[in-house]
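Quick notes on the structure that follows.
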Amino acid sequence: MNALQDEMILPNGVILSNRIAKSAMSENLSNKNHEPTPTLINAYKVWSKSGAGLLITGNIMIDSNAIGEPRNVVVENRQNLRQLKKWAKSVEGTNTQLWAQINHPGRQAMELINSNLKAPSAIPLKTAGRKNTTKKVPEVLSEKEILEIIEAFGNTAIILKEAEFSGIQIHGAHGYLVSQFLSPYTNVREDRWGGSLENRSRFVVEVYRKIREYVGASFPIGIKLNSTDFQKGGFSEEESMEVVKILSKEGIDLIEISGGTYEAPTMMGKRKESTIKREAYFIDYIEKVRQITNTPLMLTGGFRTTSVMKDAVTSNQLDIIGIARPFAVFPNIGNDILNESRLDFITNIKKTGVKAIDGMMNIVWYESQIKRMGQGKKTNPELSAWSVFFNYLWLIIEHKLKSKSKKPVPSQELK
Ligand SMILES: Cc1cc2nc3c(=O)[nH]c(=O)nc-3n(C[C@H](O)[C@H](O)[C@H](O)COP(=O)(O)O)c2cc1C
């Protein structure tokens with residue numbers, strides 16, 4: 001018996017065909033207009049045959065004036081609906097659900113490619129592995145801007161539903177805007193959006209309610225949430241559990257647990273050697289969460305062996321196993337896990353030897369593997385870190401050249 005093969009029925013009746021999910025990985029594969037490309041769609045066609053019950057897209061930006069990476073998909077109007085529909089159709093004829101992760105980066109927007117950084121409070125990033133150490137002080141979001149962003153989350157979600165994605169995931173983890181509002185370290189506002197946990201969680205609750213209002217009761221909405229942000233004075237486990245309770249009461253369909261930010265990247269394995277060996281980075285936390293909610297739980301970060309995954313589900317610590325990096329190297333991973341035809345999925349990135357560059361490799365090396373999949377090539381565990389770096393540099397230069405020649409469009413006009 002392999003408990004990972006069991007289907008999972010969400011409270012709203014939606015069925016996930018098994019317990020394996022691809023967690024979100026930013027693919028960086030849009031075209032210059034931030035539309036999904038055939039390469040991106042092909043990568044999902046490959047993953048649709050991976051055997052996973054659920055695929056969650058890499059983060060889709062809700063506003064073209066605030067993006068994380070040069071080739072993120074942006075959904076702020078219906079201009080690219082045709083391409084979005086093709087992307088959603090990539091799983092057609094399979095038992096795999098495709099949920100779209102939606103995000104606003106706030107102060108974690110890449111400074112190199114965004115003219116304005118906006119955040120709950122004027123607290124700059126100290127350092128940011130893949131963001132080129134930006135110390136720019138973000139502008140404080142006004143009440144009006146906050147309400148516009150909440151509306152934009154709803155707007156993006158309804159367009160993605162129209163495109164026939166099977167669900168939405170709010171990116172509420174890893175130090176992006178939702179998590180910036182939740183954390184007392186990045187949110188020192190004195191209005192109704194800051195201060196008490198009730199005030200700091202108002203943003204995520206309003207984002208959830210807006211999306212629910214637009215997509216209806218039966219459409220799955222999930223969230224990726226930090227266990228803690230692993231920062232002194234930041235979002236704590238106790239607070240995270242309160243947010244779990246609030247969102248469960250609101251009726252959210254699936255809670256994915258992760259942790260950390262790009263200042264403290266625990267989600268990418270910056271953990272003690274013993275934690276890495278044990279695999280599931282945040283399992284202690286999810287055990288506590290299990291006691292306080294009936295909402296289905298997914299855990300992501302560090303799963304590498306079939307035996308550990310099986311134990312976690314068999315012992316009912318959680319419902320869904322979330323896996324990211326191994327999906328970029330082992331495209332058949334879901335089937336391999338379910339049939340037990342391969343038992344470990346350890347990935348080793350290549351390095352250049354230059355510390356500043358190698359910090360980014362944990363992301364961009366995997367993005368390059370996803371690109372290979374989309375181009376119909378085999379993934380390559382030996383892929384050179386230098387070639388990955390120069391390709392990435394070129395994307396940034398290209399984006400900058402394009403933004404220089406672009407006349408700015410007020411975001412209101414785009415909606
Ligand atoms: C290339 C890459 C891109 C990522 N992009 C996202 C993202 O868009 N949204 C998100 O929630 N997490 C993102 N992550 C984090 C993963 O979803 C996951 O939390 C992390 O890699 C730990 O899981 P793993 O050990 O199975 O890889 C990304 C990770 C990688 C490697």
Taking the beta-carbon count within 10 Å as an exposure proxy, list E250, E213, E256 from fewest neighbours to most.
E213, E250, E256
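Using only DSSP helix segments of four residues or longer, with each worth -39500 (n - 2.57), what per-residue ellipticity at 222 nm results for the chain after dividing by its residue count and rounding to 500?
-11500 deg cm²/dmol
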Likely footprinting exposure, K310, K350, K249, fewest C-beta neighbours within 10 Å first
K249, K350, K310
What residue among A385, A217, A43 shows peak mean-square fluctuation when the chain is described by a Gaussian network model with Cα springs under 10 Å?
A217
Largest-first principal axis extents, alpha carbons of the range 1-132, Å:
52, 31, 26
Among I283, I67, Q369, whose Cα sits farthest toward the positive end of the charge dipole of the chain (+1 at Cβ of Lys/Arg, -1 at Cβ of Asp/Glu, about the Cα centre)?
Q369
Under the 0.36 nm per residue contour assumption, what length would be gained going from the current alpha-carbon distance of E7 and S384 to full extension?
131.8 nm
Long pairs among K126/K371; K224/K288; K85/K161; K310/K351; K45/K378; K277/K377, criterion Cα-Cα beyond 21 Å:
K126/K371; K310/K351; K277/K377
Let me know the whole percent of all Cα-Cα pairs from the range 189-342 that are separated by more than 25 Å.
35 percent
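So for each of 192-201, 162-171 I average, over its residues, the number of other beta carbons within 10 Å; can you give me the resulting order with the highest mean first? Please report the intermediate quantities before stating the final value.
Numbers: 192-201: 16.1, 162-171: 22.4.
The peptides rank, most packed first, as 162-171, 192-201.
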Label-point separation in nm, I396 to A217, each point 7 Å along Cα→Cβ
4.9 nm
When V73, V46, V137 are ranked with the fewest other C-beta atoms within 10 Å first, the list becomes V137, V46, V73
With +1 assigned to the C-beta of every Lys and Arg and -1 to the C-beta of every Asp and Glu, and no other charges, what is the dipole magnitude of the range 3-414 about the Cα centre in debye, to the nearest 20?
1380 debye
In whole angstrom, the spacing between the Cα centers of the range 347-387 and the range 153-185 equals 27 Å
Quick one: length gained pulling S196 to K249 fully straight, 0.36 nm per residue minus the C-alpha distance?
17.2 nm
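How many times 2.2 N^0.38 Å is the alpha carbon radius of gyration of the range 256-415?
On the way: Rg = 19.0 Å, N = 160, 2.2 N^0.38 = 15.1 Å.
This ratio for the range 256-415 stands at 1.26.
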Counting only complete DSSP H runs, which helices of the chain cover 18 Å or more along their long axis at the Cα atoms and score a mean Kyte-Doolittle of -1.0 or above?
143-162, 202-215, 237-250, 355-374, 385-405
The chain, Gaussian network, Cα under 10 Å: of Q291, Q101, Q317, the residue fluctuating most is Q291
With a point put 7 Å past each Cα toward its Cβ, work out how far S341 is from I15 in nm, to one decimal.
2.4 nm
Please report the spacing between the Cα centers of the range 205-273 and the range 19-79 in Å, no decimals.
20 Å
Taking N as its residue count, the alpha carbon Rg of the range 3-414 over 2.2 N^0.38 Å
0.90
Considering the chain as a Gaussian network with a 10 Å cut-off on Cα pairs, which listed residue, L343, L177, L393, attains the greatest mean-square fluctuation?
L393
How large are Rg and Dmax for the range 125-267 when calculated on the C-alpha trace, in angstrom?
15.0, 43
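Quick note: the coordinates plus some simple rules give every number you see, no bench work behind them. What you are looking at is a predicted structure, and each value in this text was computed from that prediction instead of being measured. Note that we place each Cβ from the backbone using ideal geometry, even for glycine, and neighbour counts take in every protein chain shown.
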